[in-house]
Every structure is written in C-alpha cells, then in structure tokens.
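Input: a single structure, listed below in structure tokens.
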Amino acid sequence: VKLRKSGRSEEEVLRELEEMWNSRIPYERVFSSMCTKPHPIAVKAFLLFIESNLGDFGIFPSVKELEDKVVSISAELLGIKKFCGYMTSGGTEANIQALRALRNVKRGKNFIAPKSRHFSIDKASDILGVEMKIAPLNEEYQVDVSALEEMIDENTFGIVALAGSTELGQIDPLEEISKMASECDIPVHVDAAFGAFVIPFIDELDVNFSLPSISSISGDPHKMGMSVIPSGILLFSEEKYMDAIKVRTPYLTTKHQYSLPGTRPGASAAATYAVFEHLGKEGYRKIVERCMRNTKLIIELMEELGFEPVIEPKMNIVTFEMEDIDRIREELKKRRWLVSKSLNPLGMRLVIMPHVEEENLKLFVEDLKRII
Ligand code: 0PR
C-alpha cells in the first residue's frame, strides 16, 4: 500500500472505513474484553479536546487542570489521602512506570510479582533490565505471602500485588503483604488496572488501599471507568517516587515530564473527567451492580451445564475450568461469540462488562450447550 498521488473523496474514504468497522463482532457478543463502549459523554468530551496534547500542556493549560482533577478524584475514590500521580495510557504504562520509580528509588536489581501478574509486568522487567522473580499462589489463587517473603533478598527493590487479577479478578491479601513488606522495608505496587473502578462500588469488598508500604496504585478508566482508550491512572504515595521518573524538557512550555510517552492525549483527561462528573458514585454503583447481577446469572447458567467457577468471583470476571477450551472457543467464534482462555487454571474466562446483556448471556449458553 502506498500513499496515493491524489486523494479520494471524503465520502468514499469514510464509506470504506465504515464497512471495515461494521465487519467486527459487536461488543454485545464479546465476553473476552476488559474494555467496553465508552460512555457517550466521554466520547463528546474526547472530541472537544481532540487537538490537545498533555505532553506540552503549557499550550493547553486546561487539560493539566483536568488531569489533576481526574487523579485526585481517583485517589479519593480509593480512599487515599496523600498522593501524587498522572494519567497514563493504561495499565501497561502504569506498571512499567511504577516499577521504574521503585527501581530508581531503591536502586535494586530484582522485583517480585505473583504468578497471576499481567504480562505488562514481564514487559517492565525486560525494558528495565531487572530480574522478575515469580511468587507462587495459594489455593485461592492469591499470592502466597510467606513464599513471597522468602523470595526477598538484598537486591529486591519492589513487590507487585494485584487488586483484580486478569484471569480471575482475584485480589491479593494487601494488608498482609503491606505488613510483611513494611517489616522488610520493600515498597509495593498495586496493579488495580481492572479493580480500581469496581472495588469501591462493591460494599463487601472492603479493600484498604491506604496501607503503609503501598507506594503506588494503578487503575484504568478505559476499563471499568467507562472512559475512552487510552485512559489510565498512576498514583504514588510519595513525591520521591514521582521525582524518580522525572525528566527535564528544556524546549517545551513545561519544565519537566513524568510520563513515558512525550506527546499524549489531553482528550483522555477531558473524557475521563466528563464521565466521572456525569456518573458520580451513584452512576458507577448502578453499572457495577448490574455487571455483578449478570456475573451471578452466567454462573447459574453455567452450573446447569455442569461447570463450576474456579473461585467465587469477587468482581465481574468469572473463569470456569475447561479442558477443551481451544476447541470450544473456536466453535463459539464461528457463532460470533468471543470468550477468552485462562491458563492458570486452563479454562474459559468471561469478563462481564457493562456491554453484556442478560439476554445475550442466555443465547450464549444455549450455543455453548449445542457445542459441548
Ligand atoms: N494489569 C492488569 C491486571 C490487566 O488486566 C491489564 C490488561 C493491564 C495491567 C494492562 O492494561 P492495558 O492493556 O490497558 O495496558 N488486561 C486486559 C487483558 O489482557 C487488557 C485487554 C483489554 C485485553 C481488552 C483484551 C481486550 O479486548 O485481558
């Protein structure tokens, strides 16, 4: 494909794109994604700020204000009083940056992450050129804290814990980890990419994010926050961690930068602020409650087919052990359903996002029944 000598009409180009867009499996039939249709107000706000660049916000001072508001609203939601932070492109950037900050502060050579970590942690280890030690899980698929403690050595600069694991939505025992880490003087990064905008709206999940030793927390508005892609949050408990990833930017309108990308969308800050303001706690709670009702429904329907969830889901992710997941997944795809495969344990993983309708869960299970 080459750049054309002379261009085609707007109408023609857009028609081609529309056709391409319409060929996808719509979100209504996608149970494999942690992303969802952004809230309409997020889309409007995004378009309004489409030109803005948070990488040089002296030109667009209002986007910096919006980013700061998004960061403090997120911190308040998670019950964190003392914080600093910025908007990332998502969970991957946040994990890389959090580990970079810990490595730079502690000057160590390795960190420890649970077996249940997201693969972005592996990317961080590779990019930073530091060793990643993998901690085993207990029978509830949470990190085994005593094994974790034994893995700490004089070169360990940090620990990763999960609040909403990718495969099961499991939450690691943060209080226990924090207590142990405080005794060993090791900072902890909590990856709440998925959980940050779910946990605060489920009363039974009484998770304390404001613990000693928790040095950073990440959470993604582009997952359960109903915002647009790319929207992530990274919060640090102390300035020294932010300072450890600061670079000077002499020729910009601003003196320094903390983010991994240089140029980055101010539109994401506007979109996320808009959806935060518009939904409020009540709006989010309703969305999360509906996702949890649908998660319970799919469990009931799957139990009728003889499948049990691996763990009682804490959030709207549920995984069923399934030996022949590869074949079933292929067959489901032929019928235009997308599910994902979990590896630990081998099974079918369903993420019951706000775009998942009760009716479609019933149709899905009927198709699954025919396949098995
Ligand atoms: N941390 C955790 C716990 C995650 O689950 C994810 C993404 C990340 C970090 C990285 O976040 P970003 O992808 O925003 O950088 N987990 C999802 C997954 O791998 C991402 C995803 C989203 C995958 C939508 C598929 C999809 O359709 O399942």
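The values are calculated or read from the model by the stated rules, or taken from the named source; none is laboratory data. This structure is a prediction, so every number in the text was calculated from the model and none was measured. When we count neighbours, we look across all protein chains shown, and the Cβ atoms used for this are built from the backbone with ideal geometry, even at glycine. Calculation scope for accessible area: heavy atoms of the full protein, side chains included, ligands and nucleic acids excluded. Shrake-Rupley method; radii C 1.70, N 1.55, O 1.52, S 1.80 Å.
Brief remarks on what is shown
- Of the residues making up segment 110-124, those that are assigned to a strand (DSSP E or B) and in contact with a Ser or Thr (Cβ under 7 Å, 6 or more places away or on another chain) are N110, F111, I112.
- Residue in segment 227-249 that is of a type outside the set (S, T, Y), loosely packed, with under 13 Cβ neighbours inside 10 Å, modelled with pLDDT under 95 and touching a strand residue (DSSP E or B) at 6+ places or on another chain (Cβ under 9 Å) present: no
- Among the residues making up segment 220-258, those that are within 16 Å of the ligand (Cβ to nearest atom) and either farther than 18 Å from R100 by Cβ or of a type in the set (D, E, K, R) (or both) are D220, P221, H222, K223, M224, G225, M226, S227, V228, I229, P230, S231.
- Filter result for L297 (closer than 15 Å to K362 by Cβ, hydrophobic (A, V, I, L, M, F, W, C) and open to solvent by 10 Å² or more (accessible area, probe 1.4 Å)): yes
- Residues of segment 50-68 include none that is within 16 Å of the ligand (Cβ to nearest atom) and either exposed (fewer than 14 other Cβ atoms within 10 Å of the Cβ) or outside any helix (DSSP H, G or I) (or both).
- Within segment 73-95, the set of residues being touching a residue at least 12 places away in the same chain (Cβ under 8 Å) and in a helix (DSSP H, G or I) comprises I73, S74, A75, L77, G91, T92, E93, A94, N95.
- Between G347, G280, the distinction of being open to solvent by 20 Å² or more (accessible area, probe 1.4 Å) and either within 16 Å of the ligand (Cβ to nearest atom) or within 21 Å of the chain's Cα centre (by Cα) (or both) belongs to G280 only.
- Sole exception among (1) touching a helix residue (DSSP H, G or I) at 6+ places or on another chain (Cβ under 7 Å); (2) away from the ligand (no atom under 16 Å from the Cβ) for N95, by number: (2)
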